[in-house]
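Chemist: For reference, the structure I am asking about is given below.
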Amino acid sequence: MIIPVKLVREVEVSTFSHATEDEDKVEKAIKNLLPEENRDLWLTRKTLKGYHGDPITIVTGKIRTKKGATGVLRRVVQELSSLDQQRLLDELEERLDDGGNLYIRLDKQNAYLSKVRLLKTDPVKMKFKLRLPHGKDRLEYVRDIVNAIIKEEHEA
């Protein structure tokens, strides 16, 4: 299967920067998950108060070009370990909503070290807004795409 260059309409990236974390390092973790051509992503910071009054900053960014957003999905899937790739495929139904959005949560600490690993707690969250063809089963289509991205990585 050929992966459509405009598969992803947009990707939203976000994470929390806790009072004990260096916000610049948190931003670096996010940017390390992106392909080289997307690392100039403009990130916004919004500071809130935590439950105990401690400052928590939400760091967010969006890539709105279809080619750029699709490149992020390709990089994330290809950089996952084979175990995480299989886990992504196994959990695909839970990660895909009715609107065609794919949700992936990645380990912030590993991202800072330029490693891509799935994680549920204190993650870097990615929401991929997919362009799904009409009349096709969304889950089956996305599964085929993810498998094609994995296969593409092994052939390179």
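The values are calculated or read from the model by the stated rules, or taken from the named source; none is laboratory data. Computed from a prediction, not measured in an experiment: that's the story for all the values here. For neighbour counting, all protein chains shown are included, and Cβ atoms are generated from backbone atoms with ideal geometry for every residue, glycine included.
Chemist: For THR15, state whether it is among the polar types (S, T, N, Q), part of a helix (DSSP H, G or I) and at pLDDT 90 or above.
Modeler: The answer is no for THR15.
Chemist: Search the stretch 114-156 for residues being of a type outside the set (S, T, N, Q), part of a loop (DSSP other than H, G, I, E, B) and in contact (Cβ under 8 Å) with a residue 60 or more places away in the chain, and hand back the single one that is farthest from THR57 (Cα to Cα).
Modeler: Only one residue tops the list, namely ARG131.
Chemist: Taking the conditions exactly as written (without any contact (Cβ under 8 Å) to a residue 60 or more places away in the chain, within 27 Å of PRO133 (Cβ to Cβ), of a type in the set (A, V, I, L, M, F, W, C) and surrounded by 13 or more Cβ atoms within 10 Å (Cβ to Cβ)), does VAL59 satisfy them or not?
Modeler: Against the criterion (without any contact (Cβ under 8 Å) to a residue 60 or more places away in the chain, within 27 Å of PRO133 (Cβ to Cβ), of a type in the set (A, V, I, L, M, F, W, C) and surrounded by 13 or more Cβ atoms within 10 Å (Cβ to Cβ)), VAL59 does not qualify.
Chemist: Something else: Just the residues that are surrounded by 17 or more Cβ atoms within 10 Å (Cβ to Cβ) and within 13 Å of LEU96 (Cβ to Cβ), please, taken from the stretch 142-156.
Modeler: Answer for the stretch 142-156, where residues must be surrounded by 17 or more Cβ atoms within 10 Å (Cβ to Cβ) and within 13 Å of LEU96 (Cβ to Cβ): VAL142, ILE145, VAL146.
Chemist: Are there any pairs with C-beta distances below 6 angstrom linking a residue in the stretch 94-106 that is under 17 Å from ALA69 (Cα atoms) and assigned to a strand (DSSP E or B) to a residue that is basic (Lys, Arg) and modelled with pLDDT under 95, with the two at least 6 apart or on different chains, and if so which?
Modeler: ARG105/LYS120
Chemist: Further question: Spot the failing condition for ASN110; the list is (1) touching a helix residue (DSSP H, G or I) at 6+ places or on another chain (Cβ under 8 Å); (2) modelled with pLDDT of 95 or more, and only one is missed.
Modeler: Answer for ASN110: the failing condition is (1).
Chemist: I'd like the residue in the stretch 80-91 that is among the aliphatic types (A, V, I, L, M) and within 16 Å of LYS151 (Cβ to Cβ) and, out of all such residues, is surrounded by the fewest Cβ atoms within 10 Å (Cβ to Cβ).
Modeler: LEU89
Chemist: For the stretch 39-50, does any single residue satisfy the condition of being of a type in the set (A, V, I, L, M, F, W, C), loosely packed, with under 15 Cβ neighbours inside 10 Å, at pLDDT below 95 and outside any helix (DSSP H, G or I)?
Modeler: Yes, there is a match, as at least one residue in the stretch 39-50 is of a type in the set (A, V, I, L, M, F, W, C), loosely packed, with under 15 Cβ neighbours inside 10 Å, at pLDDT below 95 and outside any helix (DSSP H, G or I).
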